[in-house]
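Read through the structure below, which is laid out as C-alpha cells, and then see the notes.
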C-alpha cells in the first residue's frame with residue numbers, strides 16, 4: 001500500500017489480525033476483549049448524561065465487549081443494566097466468561113421489551129453486531145436497533161454501528177445511528193464509505209493489544225495530504241511545454257461554463273497550458289471568458305459538437321499530455337457519437353466526465369480496449385447510467401458499484417460524494433477522509449476533472465494523480481467556505497481560487 005494511504009481494513013483483515021495476535025503472538029483473547037470493553041466504557045463515560053447506562057448485547061464477541069464495558073461502568077459508579085438479546089447459553093466463549101465476571105445482574109429481554117427497557121437512559125452502548133456482520137438485521141436485533149435510534153440518549157457503538165457492513169459500508173436494513181463509534185485496533189472501510197459513514201458518528205480508534213506487524217493487509221486506505229508531495233515540481237528548467245498541456249473537449253449552447261471551469265482548474269493545478277475544443281460558432285464566448293486558456297473552434301451543428309469535429313480534436317490531442325472529455329458536451333446524438341470516437345482513439349491519459357460518461361451508458365466495455373490511462377469521474381446518477389441501474393442502488397452499494405465499473409472499463413473510477421471513492425481495475429482502493437459540504441454545488445465536478453487532468457499531464461502515476469486531485473479538491477472546498485464565510489455561499493469559481501493553497505499546506 002502506498003505510504004500516503006492510511007490503512008483501512010475489512011472484516012476478513014481484522015479476523016486475520018485477531019487470529020495472528022492470539023495464535024502466533026500468544027495474546028489471550030480475553031485480554032483483547034478486556035481492552036476493547038475498557039475503551040467502550042471510557043467513551044460512554046465521556047458522553048453519558050444523567051441516567052442509567054444500558055448495554056445492549058449480542059451473542060458474539062461484540063456482546064462480550066459490551067459486557068466488559070458494563071462491568072467497567074458499574075465499577076465507575078454508574079447505574080448499569082446489561083441487556084441480553086439472546087439467551088446467555090448462546091453467548092460465545094469469551095462473552096460467557098465476561099458474563100460470569102459481571103458484578104451487576106444481566107437481563108434477557110424480548111424484542112418487544114427493548115424500547116421500554118431503554119427509556120430514561122443516560123447512555124446506550126450498542127454491542128449487538130461486530131465487524132463480521134453482513135446483510136439485514138433480523139429479530140430481535142432489528143427491533144433493538146430501531147429502539148436505540150428512537151431514544152434521545154447518546155449512543156456508543158462497539159467497533160461499528162450494528163447493521164452496517166464493515167467491509168463495504170452497506171446498510172441493507174436498519175442500522176444504529178451512533179454518536180460515537182469506538183473502532184478496535186484500526187478503522188474499517190465501513191466507517192468511511194456511505195451509507196455506513198452516516199451511522200458512525202465520531203470515530204475513535206482504540207488500541208486493544210494487537211502487536212504491530214500483523215500480516216493482514218489493509219484492503220484500502222484514507223487519502224492523506226502526503227500524496228500531494230508526490231507531484232512533480234517545476235524547476236528552473238521547466239517550460240510551459242514540460243509542465244503539461246491539457247485539452248478539454250466539450251461545450252454546447254447553454255453549457256459553456258463547464259468547459260471554462262475545467263480548463264481554468266487545470267491551469268491552477270499546474271498544467272503548463274490548456275486548450276478548449278469547443279463548437280466554432282460559440283468560440284467567441286470562450287475567447288471572452290478565458291484569458292489564460294487557448295481555444296480550438298470545431299465544426300458542429302448549431303452550437304454543438306458532433307463527429308465532424310473528431311479530426312481537429314484528435315490532432316490537438318496528439319500534442320496534449322492529458323485530455324478531459326465531456327464537460328458541457330450536451331446529450332445530443334451527435335455529441336454522444338463524438339464522445340465515443342474520441343474515447344476510442346485518444347492515446348493520451350483521458351478523464352471522462354459529465355456527458356462524456358453519459359455517452360457510454362451501458363457501454364463500459366468499449367473503454368476497456370484503450371491503451372492509455374482512463375479515469376471516470378461519475379456521481380451516483382452517472383454511474384447508475386453506466387451500469388444501467390438506478391442511482392439509489394449505486395448509492396446503497398457504492399464500493400461494489402465502483403469496483404464493478406472499474407473492472408468492466410479497465411479505468412480508474414472516482415465515485416464522487418462526501419466519501420469519494422477511488423478504485424482502480426487492479427483492486428486499488430482509496431477513500432476521501434475529508435468532508436466538504438461546500439462542494440455540493442454545480443460546477444465543482446468540472447473543477448475536479450480539470451485538476452485530475454493537470455496532475456496526469458504533469459506526469460504523476462495515474463492512481464496517485466487521481467487521489468491527489470480528490471484530496472486537494474476537498475481541501476479547496478473547505479478553504480473556499482472559510483474565505484466566503486458560509487458553506488452554502490461557495491460557488492465553483494471560489495473552489496478554483498482556493499486550489500493553490502490546497503495543493504500544499506495544512507488542512508482547513
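Matching residues to (1) within 19 Å of residue 450 (Cα to Cα); (2) within 27 Å of the chain's Cα centre (by Cα); (3) in a strand (DSSP E or B):
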site: 292; (1), (2), (3): yes, no, no
site: 303; (1), (2), (3): no, no, no
site: 319; (1), (2), (3): yes, no, no
site: 340; (1), (2), (3): no, no, no
site: 344; (1), (2), (3): no, no, no
site: 357; (1), (2), (3): yes, yes, no
site: 362; (1), (2), (3): no, yes, no
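Report whether or not residue 314 is over 19 Å from residue 448 (Cβ atoms), in the same structural domain as residue 454 (by TED's automatic domain parsing), without any contact (Cβ under 8 Å) to a residue 60 or more places away in the chain and in contact with a strand residue (DSSP E or B) (Cβ under 8 Å, 6 or more places away or on another chain).
On the way: over 19 Å from residue 448 (Cβ atoms): yes; in the same structural domain as residue 454 (by TED's automatic domain parsing): yes; without any contact (Cβ under 8 Å) to a residue 60 or more places away in the chain: yes; in contact with a strand residue (DSSP E or B) (Cβ under 8 Å, 6 or more places away or on another chain): no.
Against the criterion (over 19 Å from residue 448 (Cβ atoms), in the same structural domain as residue 454 (by TED's automatic domain parsing), without any contact (Cβ under 8 Å) to a residue 60 or more places away in the chain and in contact with a strand residue (DSSP E or B) (Cβ under 8 Å, 6 or more places away or on another chain)), residue 314 does not qualify.
Just to verify a result, which residue in segment 115-130, among those that are within 28 Å of the chain's Cα centre (by Cα), in a loop (DSSP other than H, G, I, E, B) and at pLDDT 95 or above, is nearest to residue 397 (Cα to Cα)?
In this case the residue turns out to be 129.
Conditions tested, residue by residue: (1) more than 19 Å from the chain's Cα centre (by Cα); (2) free of Cβ contacts under 8 Å to residues at least 40 places away in the same chain; (3) within 19 Å of residue 226 (Cα to Cα).
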site	(1), (2), (3)
442	yes, no, no
447	no, no, no
456	yes, no, yes
460	yes, no, yes
481	yes, no, no
491	yes, no, no
503	yes, no, yes
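Please name all residue pairs, on different chains or six or more residues apart, with Cβ atoms under 6 Å, provided the first residue is in segment 173-189 and is within 18 Å of residue 147 (Cβ to Cβ) and the second residue is in a strand (DSSP E or B).
Note: pairs meeting the criteria are 176/126; 176/157; 178/155; 178/157; 179/155.
Determine which single condition residue 149 fails, assuming it passes every other condition in (1) touching a strand residue (DSSP E or B) at 6+ places or on another chain (Cβ under 9 Å); (2) part of a helix (DSSP H, G or I); (3) buried (at least 24 other Cβ atoms within 10 Å of the Cβ).
The single condition residue 149 does not satisfy is (3).
Output yes when any residue across segment 467-475 is surrounded by fewer than 24 Cβ atoms within 10 Å (Cβ to Cβ), in contact (Cβ under 8 Å) with a residue 12 or more places away in the chain, assigned by TED's automatic domain parsing to the domain that holds residue 317 and in contact with a helix residue (DSSP H, G or I) (Cβ under 8 Å, 6 or more places away or on another chain), and no when none is. Working first, answer last.
Keep residues of segment 467-475 that are surrounded by fewer than 24 Cβ atoms within 10 Å (Cβ to Cβ), which gives none.
No; the residues of segment 467-475 include none that is surrounded by fewer than 24 Cβ atoms within 10 Å (Cβ to Cβ), in contact (Cβ under 8 Å) with a residue 12 or more places away in the chain, assigned by TED's automatic domain parsing to the domain that holds residue 317 and in contact with a helix residue (DSSP H, G or I) (Cβ under 8 Å, 6 or more places away or on another chain).
Here is a list: 193, 208. Which entry is under 30 Å from residue 327 (Cα atoms), in the same structural domain as residue 143 (by TED's automatic domain parsing), in contact with a strand residue (DSSP E or B) (Cβ under 8 Å, 6 or more places away or on another chain) and modelled with pLDDT of 95 or more? Let's see the steps before the verdict.
On the way: 208 fails: under 30 Å from residue 327 (Cα atoms).
Unique residue meeting the criteria: 193.
Can you tell me which residue within segment 184-203, out of those that are out of contact with any helix residue (DSSP H, G or I) (no Cβ under 6 Å at 6 or more places or on another chain) and closer than 17 Å to residue 127 by Cβ, is surrounded by the most Cβ atoms within 10 Å (Cβ to Cβ)?
188
Please indicate, with yes or no, whether at least one residue in segment 204-214 is within 21 Å of the chain's Cα centre (by Cα) and either surrounded by fewer than 24 Cβ atoms within 10 Å (Cβ to Cβ) or without any contact (Cβ under 8 Å) to a residue 40 or more places away in the chain (or both). Steps first, please.
Initially, segment 204-214 is screened for residues within 21 Å of the chain's Cα centre (by Cα), giving 204-205.
Subsequent filtering for residues that are either surrounded by fewer than 24 Cβ atoms within 10 Å (Cβ to Cβ) or without any contact (Cβ under 8 Å) to a residue 40 or more places away in the chain (or both) retains 204-205.
Among the residues of segment 204-214, at least one is within 21 Å of the chain's Cα centre (by Cα) and either surrounded by fewer than 24 Cβ atoms within 10 Å (Cβ to Cβ) or without any contact (Cβ under 8 Å) to a residue 40 or more places away in the chain (or both), which makes the answer yes.
Within segment 249-259, is there a residue that is free of Cβ contacts under 8 Å to residues at least 24 places away in the same chain, more than 30 Å from residue 124 (Cα to Cα) and either assigned to a helix (DSSP H, G or I) or assigned by TED's automatic domain parsing to the domain that holds residue 124 (or both)?
Checked segment 249-259: no residue is free of Cβ contacts under 8 Å to residues at least 24 places away in the same chain, more than 30 Å from residue 124 (Cα to Cα) and either assigned to a helix (DSSP H, G or I) or assigned by TED's automatic domain parsing to the domain that holds residue 124 (or both).
I need every pair where a residue in segment 370-394 that is over 24 Å from residue 462 (Cα atoms) has its Cβ under 6 Å from the Cβ of a residue that is modelled with pLDDT under 95 and not in a strand (DSSP E or B), sequence separation at least 6 or different chains.
Listed pairs, sorted by first residue: none to list.
Quick one: which residue in 350, 367 is more than 18 Å from residue 194 (Cα to Cα), in contact (Cβ under 8 Å) with a residue 40 or more places away in the chain and over 20 Å from the mean Cα position of the chain (by Cα)?
Numbers: 350 fails: in contact (Cβ under 8 Å) with a residue 40 or more places away in the chain.
Just one listed residue meets the conditions, 367.
Which condition from (1) buried (at least 19 other Cβ atoms within 10 Å of the Cβ); (2) out of contact with any helix residue (DSSP H, G or I) (no Cβ under 6 Å at 6 or more places or on another chain) is the one that residue 373 breaks?
If we test residue 373 against (1) buried (at least 19 other Cβ atoms within 10 Å of the Cβ); (2) out of contact with any helix residue (DSSP H, G or I) (no Cβ under 6 Å at 6 or more places or on another chain), just (2) comes out false.
Please specify each residue of segment 347-380 satisfying the condition of being in contact with a strand residue (DSSP E or B) (Cβ under 7 Å, 6 or more places away or on another chain) and farther than 22 Å from residue 426 by Cα.
Residue satisfying the conditions is 356 alone.
Mind listing just one residue for me: the one in segment 123-139 that is surrounded by fewer than 20 Cβ atoms within 10 Å (Cβ to Cβ) and either touching a helix residue (DSSP H, G or I) at 6+ places or on another chain (Cβ under 9 Å) or outside the structural domain of residue 190 (by TED's automatic domain parsing) (or both) and, of those, nearest to residue 53 (Cα to Cα)? Break it down into steps so the answer makes sense when it comes.
Filtering segment 123-139 for residues surrounded by fewer than 20 Cβ atoms within 10 Å (Cβ to Cβ) gives 132, 134-136, 138-139.
Restricting the remaining residues to those that are either touching a helix residue (DSSP H, G or I) at 6+ places or on another chain (Cβ under 9 Å) or outside the structural domain of residue 190 (by TED's automatic domain parsing) (or both) gives 132, 134, 136, 139.
Working: 132: 25, 134: 27, 136: 27, 139: 23 Å.
Here the residue is 139.
If we only count strands (runs of 3 or more DSSP E) wholly inside segment 5-84, which ones have 2 or more residues that are closer than 15 Å to residue 127 by Cβ?
Numbers: elements: 5-8, 53-57, 80-84.
Strands (runs of 3 or more DSSP E) meeting the threshold: 53-57, 80-84.
The values are calculated or read from the model by the stated rules, or taken from the named source; none is laboratory data. Here the structure is a predicted model, which is why all the values come from computation and not from measurement. Positions of Cβ are generated from backbone atoms using ideal geometry, with glycine treated the same way; all protein chains shown enter the neighbour counts.
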